[in-house]
Amino acid sequence: DVKVTQSSRYLVKRTGEKVFLECVQDMDHENMFWYRQDPGLGLRLIYFSYDVKMKEKGDIPEGYSVSREKKERFSLILESASTNQTSMYLCASNPAGGLNTQYFGPGTRLTVL
Amino acid sequence: QKEVEQDPGPLSVPEGAIVSLNCTYSNSAFQYFMWYRQYSRKGPELLMYTYSSGNKEDGRFTAQVDKSSKYISLFIRDSQPSDSATYLCAMSPTNAGKSTFGDGTTLTVKP
């Protein structure tokens, strides 16, 4: 079974803090994704990566950066957290040449005070 | 206007009812269509995957794609309380990489 794990289920941070969200997948997938999910706004793509050290902006990259130094790990960084970044963050992965289905992690509920 | 529009719900039905969940889209390049199910406080998981137009059945679930109308549906027969979840449609022009997701429809099946 594909497993995508996220470092924290719940996180509370203060405005201005630098926040790291970590995601690890164990199926050697090339593609990895970071989304945020908000009521009424659905699932919005922040960044995705199609290979180590490669990244592409999604629909809402402002205020976020990413890092992919190893194939299995994709990190989302909030450089200076703000209250409007309070959200559910979901990581996903899929293989480059296979079916276009994404395997999601359990999510991190981030609250910025 | 969003590329993918999904009936917002929420939807509440009695156990045993037939449920219809729907999405429309504007990008005619979409060829791969997926339905994900997301239980509360969990990540989405793939439920159905279809390519191009037609129907696909898996147990109590049927996915239907009408590319001429740019309309996809998920039918759930004999709905159960365990089907209570948020259902997200997703679609893509290729069989790899990114998908575009609908906002999700929250379904509650009451015993």
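The values are calculated or read from the model by the stated rules, or taken from the named source; none is laboratory data. All of these numbers come straight from a predicted model, not from anything done at the bench. Quick reminder, even Gly has a Cβ in these numbers, built from the backbone with ideal geometry, and neighbours come from all protein chains shown.
Screening B:Val4, B:Val19 for residues that are among the β-branched types (Val, Ile, Thr), under 24 Å from A:Gln37 (Cβ atoms) and modelled with pLDDT of 95 or more leaves exactly one candidate, B:Val19. Per the listing A:Asp38, A:Asp59, the residue uniquely without any contact (Cβ under 8 Å) to a residue 60 or more places away in the chain, in contact with a Ser or Thr (Cβ under 6 Å, 6 or more places away or on another chain), within 13 Å of chain B (Cβ to nearest Cβ) and under 23 Å from B:Met91 (Cβ atoms) is A:Asp38. Among the residues of region B:58-111, those identified as within 16 Å of B:Leu11 (Cβ to Cβ), part of a strand (DSSP E or B) and not β-branched (Val, Ile, Thr) are B:Phe61, B:Ser73, B:Leu74, B:Phe75, B:Ala85, B:Tyr87, B:Leu88, B:Cys89, B:Leu107, B:Lys110.
The residues of region B:2-32 that are within 14 Å of chain A (Cβ to nearest Cβ), polar (S, T, N, Q) and in a loop (DSSP other than H, G, I, E, B) amount to a single one, B:Gln31.
Yes or no: region B:13-21 includes at least one residue that is at positive phi and over 10 Å from the mean Cα position of the chain (by Cα). Break it down stepwise before answering.
The first filter runs over region B:13-21 and keeps only residues at positive phi, leaving B:16.
If we keep only those that are over 10 Å from the mean Cα position of the chain (by Cα) as well, we get B:16.
Yes, region B:13-21 contains at least one residue that is at positive phi and over 10 Å from the mean Cα position of the chain (by Cα).
Under the condition of being among the acidic types (Asp, Glu) and over 19 Å from B:Tyr32 (Cβ atoms), the residues counted in region B:56-102 number 2. Taking the condition closer than 20 Å to A:His29 by Cβ, within 11 Å of chain A (Cβ to nearest Cβ), out of contact with any helix residue (DSSP H, G or I) (no Cβ under 6 Å at 6 or more places or on another chain) and surrounded by fewer than 19 Cβ atoms within 10 Å (Cβ to Cβ), does B:Tyr49 pass? It is true that B:Tyr49 is closer than 20 Å to A:His29 by Cβ, within 11 Å of chain A (Cβ to nearest Cβ), out of contact with any helix residue (DSSP H, G or I) (no Cβ under 6 Å at 6 or more places or on another chain) and surrounded by fewer than 19 Cβ atoms within 10 Å (Cβ to Cβ).
Answer with yes or no whether A:Ser80 is surrounded by fewer than 16 Cβ atoms within 10 Å (Cβ to Cβ) and more than 12 Å from chain B (Cβ to nearest Cβ). So that I can check it myself, show each step before the final result.
Numbers: surrounded by fewer than 16 Cβ atoms within 10 Å (Cβ to Cβ): yes; more than 12 Å from chain B (Cβ to nearest Cβ): yes.
Taking the combined requirement at face value, the residue satisfies it.
Residues that are acidic (Asp, Glu) and in contact (Cβ under 8 Å) with a residue 60 or more places away in the chain were ranked within region B:59-107; the one that is surrounded by the fewest Cβ atoms within 10 Å (Cβ to Cβ) is B:Asp78.
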